[in-house]
Amino acid sequence: NQSIVAEPPSPDDPIIKAIEDYTNTKLDIQWVPGTTYPDKLNATIASGSLPMVVLLQDRQESVVNAMRSGYFWEIGPFLKDYPNLERSLNKQVLKNVSLDGKIYSIFRSRSLVGDGMIFRKDWLDNLGLKAPTTTDELYNTIKAFTLDDPDKDGKNNTVGVAEESLLRGFNFILAAFGGGNLWDVKDGKLVS
């Protein structure tokens with residue numbers, strides 16, 4: 001197993017240069033390896049010397065505490081001054097990235113659910129089904145994969161849906177039914 005270590009681009013990288021030219025700015029980017037980024041961010045917050053913009057990969061307790069203590073600007077009230085940006089921001093995602101109803105960050109635009117479902121085509125074909133496109137079809141596909149012997153071995157030995165870990169793929173189903181992408185299990189129930 002070889003690990004691939006990506007080298008940061010050089011300061012004269014044509015993409016960085018194009019961004020600087022387009023925005024009439026000079027960027028001073030501090031490249032930090034992903035494996036050490038949380039520790040580096042904590043140390044930077046503790047030192048009081050954060051750069052103008054930082055990448056937040058998750059909600060570390062130190063970041064939340066720094067936001068609540070006024071270490072970060074609340075940018076929510078300024079969004080109206082940038083109508084193109086404000087218009088492009090998904091309101092539900094803004095709600096999910098807010099803290100105590102305040103917006104301190106702009107999210108990287110991505111699909112609401114980063115994960116999806118993968119179906120075995122051979123099982124779909126064996127059962128005469130197509131890939132589901134509605135929640136009812138999804139339910140029926142999962143049920144058929146469980147009960148209708150999709151591998152055609154005559155045994156009751158198939159599983160209709162399986163999870164990779166931490167219910168990540170469940171986000172896909174949750175979103176399909178209108179749920180948010182931030183949730184937890186409390187007292188045996190899903191809460192967002």
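Over 26 Å between Cα atoms, which of Lys95/Lys189; Lys80/Lys189; Lys130/Lys152; Lys121/Lys155; Lys17/Lys95 qualify?
Values: Lys95/Lys189 21 Å; Lys80/Lys189 37 Å; Lys130/Lys152 17 Å; Lys121/Lys155 19 Å; Lys17/Lys95 34 Å.
Violating the 26 Å Cα-Cα cut-off are Lys80/Lys189; Lys17/Lys95.
What lysines sit close enough to Lys186 to cross-link, taking a C-alpha to C-alpha distance under 17 Å and skipping anything fewer than 8 places away on the same chain?
none
Please work out the average accessible area per residue across the stretch 1-133, using the 1.4 Å probe convention, and give it in Å².
Working: 10410 Å² over 133 residues.
Value for the stretch 1-133: 78 Å² per residue.
Share of the chain's accessible area from carbon and sulfur, percent, 1.4 Å?
About 55 percent, which is the carbon plus sulfur part of the accessible surface.
Mind telling me which of Asp151, Asp21, Asp58 comes out most flexible in a GNM of the chain, alpha-carbon contacts under 10 Å?
Asp21
Evaluate the Kirkwood expression for the hydrodynamic radius of the chain, namely the inverse of the mean inverse distance over all pairs of different C-alpha atoms, and round to one decimal in Å. It would help to have the intermediate numbers written out before the result.
Values: mean 1/r = 0.0473 Å⁻¹.
When all Cα pairs of the chain are included, the Kirkwood radius is 21.2 Å.
Taking 0.36 nm per intervening residue step and subtracting the Cα-Cα distance, what contour gain separates Val53 from Arg68 on full extension? All intermediate terms of the calculation are to be shown ahead of the outcome.
Numbers: separation 15, 0.36 × 15 = 5.40 nm, distance 1.74 nm.
Once the chain is fully extended between Val53 and Arg68, it gains 3.7 nm.
Just in the stretch 1-80: which trypsin sites (Lys or Arg not before Pro) are loop by DSSP and have at most 13 other Cβ atoms within 10 Å?
Values: sites: Lys17, Lys26, Lys40, Arg59, Arg68, Lys80; in loops: Lys26, Arg59.
Here the sparse-neighbourhood loop sites are Lys26, Arg59.
With the crude spin-label approximation of a point 7 Å out along Cα→Cβ, what separation in nm comes out for Ala46 versus Thr135?
4.6
The values are calculated or read from the model by the stated rules, or taken from the named source; none is laboratory data. The structure displayed is predicted, hence computed values, not measured ones. All Cβ positions, even for glycine, are placed from backbone atoms using ideal geometry, and neighbour counts span all protein chains on display. Note: areas computed on protein heavy atoms with side chains; ligands, DNA, RNA excluded. Shrake-Rupley method; radii C 1.70, N 1.55, O 1.52, S 1.80 Å.
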